[in-house]
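Only one structure is covered here, and it is reproduced in the block below.
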Amino acid sequence: MSSLTETPRRRLWVEITLGLVLLVAVIPIIWTLVLAFLPNRAIVDSGWQFTFWLGNFATLFDGGAFLAQIRNSVVIVIGAVAICLAIGSMTGYALSRLNPPRWLTLPALIITGFIPLIPPMTLVPGLYILLGQLSLLGTLTGLVLVNAFINLPFAALLMSSYFSTVPNELREAALVDGASESRTFLSVMLPIVKPGLAATGIFTGIMAWNEFLMGLTLTTGGNTAPVTVGIAGLLQPYAITWGELAAAGTVAAIPIIAMAIVANRHIVAGLTSGAVKG
Amino acid sequence: MTSVPPQEALRASAAPPQKRRARKATPFTLLAVLPFLLFGLVFAVYPMSQVVRMALSDVQIRSGQFEWTFTGADNLTKVLGSGVSWEVIGNTVVFVVASVLVSIVLGLALALLVDRAVTLLPLARNVLIWPAVIAPVVVSLMWLLILSPTAGGLNKLFRTLSLPEQGWLGDSGTAMAAVVVVDVWHWTPVVFLFFYTALKAIDASTLEAARVDGANEREIVRYIVLPALRPTIMAVALVRTIMGVKVFDEMYLLTQGGPDGATTLVSQHIKSLFFDSLRLGEAASYSLVVVFATAIVLGVVLFVRSRVER
């Protein structure tokens with residue numbers, strides 16, 4: 001919108017209000033960062049003491065569980081993203097370009113549409129039984145598969161919308177030139193939608209890194225749990241080590257924020273086109 | 001924005017304009033869709049069938065093994081007849097309505113504000129995404145470091161200013177408000193993004209014409225911007241409602257559903273029925289009730305929308 005009617009004074013007001021809003025948006029993040037470098041004594045003290053201390057990080061990484069949990073989360077993210085990109089791009093391509101018969105698309109569309117709408121908790125009792133029967137309860141494989149499943153509908157939908165932006169002539173030209181369907185998909189179509197793959201990968205990666213519920217209910221905690229569950233575990237009712245908690249939060253949030261800064265546009269694309277996620 | 005709204009993606013996939021009758025599955029089409037269907041079958045259809053079975057049974061865990069006894073609709077009558085179950089649904093409705101309304105109003109205001117900003121515009125577009133990408137668990141933890149009665153920053157500030165300290169999360173009066181604030185802080189940036197994108201899509205010449213005709217800012221927002229954003233507002237309300245019903249992590253960490261069940265929402269309730277009280281059948285019944293309620297509400301919403309828009 002142009003600002004023909006805007007006076008300099010009004011413009012200043014806009015900037016000041018926005019500045020305050022931005023402050024509200026970052027204060028909890030900065031506060032966590034500050035506490036991460038404070039000893040517990042200074043945090044629970046009624047005054048304001050600020051000393052620089054690295055002890056929280058030292059104790060956090062000392063026990064070993066937290067490091068194992070970060071490793072678990074990394075494995076879950078890589079596994080879930082790989083599955084979502086592989087299966088999501090194939091399904092998205094089929095839905096967008098291959099014109100499959102109804103008996104094949106209808107169940108796919110029902111799953112894509114309905115799974116993101118119901119609270120994941122309603123699936124937990126059933127998933128608990130399933131993983132128990134497959135002996136995958138408490139295993140990384142189980143969590144990788146469950147995380148992949150949760151994000152698959154969104155990945156397929158997002159990839160389908162990216163494939164729909166590619167002119168169909170390209171596909172037809174490749175087929176006329178004698179490429180097989182799989183060859184057309186792998187060597188012609190997939191390279192064109194690289195930005196879509198990036199957006200889908202970043203987005204499902206963030207979702208898998210942030211996932212908590214399945215990690216909580218389908219593992220026994222400790223070394224088997226992802227990092228989000230590890231953070232929740234630091235909240236013991238009687239002796240909360242606030243500094244350690246803040247340090248753990250910092251470690252879990254920093255890589256995501258760093259990625260958000262680098263890949264801002266991709267994330268925005270993922271968020272705003274994911275009207276059915278949630 | 002390179003993306004297409006999902007409804008259009010679905011429409012495009014359901015009825016591509018060219019070669020309509022070629023509806024035969026080539027081997028490659030089968031190969032492309034089957035893994036997805038397999039995942040859905042194993043991780044959605046089968047678990048759901050187990051939830052139904054569990055809802056109709058008395059399930060005990062004896063030495064690590066499930067023991068099933070068929071009991072019919074017993075669990076369902078227990079769940080539907082219990083005051084706690086309804087209180088949980090009431091809490092959920094309060095939480096969803098409050099957090100959706102507040103985040104939409106603030107997100108809209110923020111979009112209009114950012115749209116008018118010049119100096120802080122690049123910073124705002126970058127920073128405002130941060131809260132939305134942080135894990136709900138970490139967001140809850142950050143707010144715990146602010147709201148905790150003993151070590152929290154807010155009470156520390158109150159102490160310094162000689163204001164009476166509050167229980168925030170431990171007080172049934174403020175606990176629900178506190179979790180709504182946390183949820184609004186977390187998700188308003190996403191709501192803002194939706195509105196900001198829609199705002200950018202409004203035809204600039206319409207606004208220019210209105211200005212030339214002498215409309216002031218308020219009239220422009222009231223008579224041009226808001227009507228133009230109506231479909232976005234509806235879509236955002238729907239998405240945020242779904243997100244609100246799904247919420248779990250925040251309550252689990254901030255209040256554990258307390259004080260006195262004041263912030264126990266549906267997911268938290270199912271979790272404690274299943275894992276803490278080991279009333280597996282009731283937990284499954286409650287899950288089914290929630291799934292059916294979701295399906296019915298969505299069906300009604302989509303039906304009304306299609307009626308209104310056509």
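The values are calculated or read from the model by the stated rules, or taken from the named source; none is laboratory data. Worth saying up front: this structure is predicted, and the values here are computed from it rather than measured. Don't worry about glycine lacking a Cβ; one is built from the backbone with ideal geometry, like all the others, and counts go over all protein chains shown. Note: areas computed on protein heavy atoms with side chains; ligands, DNA, RNA excluded. Shrake-Rupley method; radii C 1.70, N 1.55, O 1.52, S 1.80 Å.
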Wholly inside the stretch A:109-204, helices (runs of 4 or more DSSP H) that include 3 or more residues that are polar (S, T, N, Q), at the interface with another protein chain (Cβ under 10 Å from one of its Cβ atoms) and over 30 Å from B:Phe66 (Cα atoms) are A:140-164
Identify all residues within the stretch A:186-196 that are touching a helix residue (DSSP H, G or I) at 6+ places or on another chain (Cβ under 6 Å) and not small (Gly, Ala, Ser); write none if there are none.
-> A:Val188, A:Val193
Among the residues of the stretch B:150-158, is there at least one that is more than 7 Å from chain A (Cβ to nearest Cβ), touching a helix residue (DSSP H, G or I) at 6+ places or on another chain (Cβ under 8 Å) and modelled with pLDDT of 90 or more?
-> no
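Residue by residue, here is whether (1) closer than 30 Å to B:Val297 by Cβ; (2) aliphatic (A, V, I, L, M); (3) modelled with pLDDT of 95 or more holds:
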site: A:Arg41; (1), (2), (3): no, no, no
site: A:Ser96; (1), (2), (3): yes, no, no
site: A:Leu123; (1), (2), (3): yes, yes, no
site: A:Gly126; (1), (2), (3): yes, no, no
Could you check, for the stretch A:66-81, whether at least one of its residues is among the β-branched types (Val, Ile, Thr), over 30 Å from A:Trp242 (Cα atoms), crowded, with 17+ Cβ neighbours inside 10 Å and modelled with pLDDT of 85 or more?
-> yes
Does the stretch A:229-243 hold any residues that are surrounded by 21 or more Cβ atoms within 10 Å (Cβ to Cβ) and farther than 20 Å from A:Leu213 by Cβ, and which are they?
-> A:Trp242, A:Gly243
Wholly within the stretch B:224-297, helices (runs of 4 or more DSSP H) carrying at least 2 residues that are more than 15 Å from the chain's Cα centre (by Cα) and either at positive phi or surrounded by fewer than 19 Cβ atoms within 10 Å (Cβ to Cβ) (or both) | B:226-246
Touching an Asp or Glu at 6+ places or on another chain (Cβ under 8 Å), closer than 30 Å to B:Ala151 by Cβ and either assigned to a helix (DSSP H, G or I) or among the aliphatic types (A, V, I, L, M) (or both), is that true of A:Thr217?
-> no
With (1) free of Cβ contacts under 8 Å to residues at least 12 places away in the same chain; (2) more than 24 Å from A:Ala232 (Cα to Cα); (3) open to solvent by less than 30 Å² (accessible area, probe 1.4 Å) as the list, and B:Val97 as the residue in question, which single condition is left unmet?
-> (3)
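Does B:Ser162 meet the test of being open to solvent by 50 Å² or more (accessible area, probe 1.4 Å), free of Cβ contacts under 8 Å to residues at least 24 places away in the same chain and either more than 9 Å from every other protein chain (Cβ to nearest Cβ) or in contact with a helix residue (DSSP H, G or I) (Cβ under 6 Å, 6 or more places away or on another chain) (or both)?
Values: open to solvent by 50 Å² or more (accessible area, probe 1.4 Å): yes; free of Cβ contacts under 8 Å to residues at least 24 places away in the same chain: yes; either more than 9 Å from every other protein chain (Cβ to nearest Cβ) or in contact with a helix residue (DSSP H, G or I) (Cβ under 6 Å, 6 or more places away or on another chain) (or both): yes.
Criteria met by B:Ser162.
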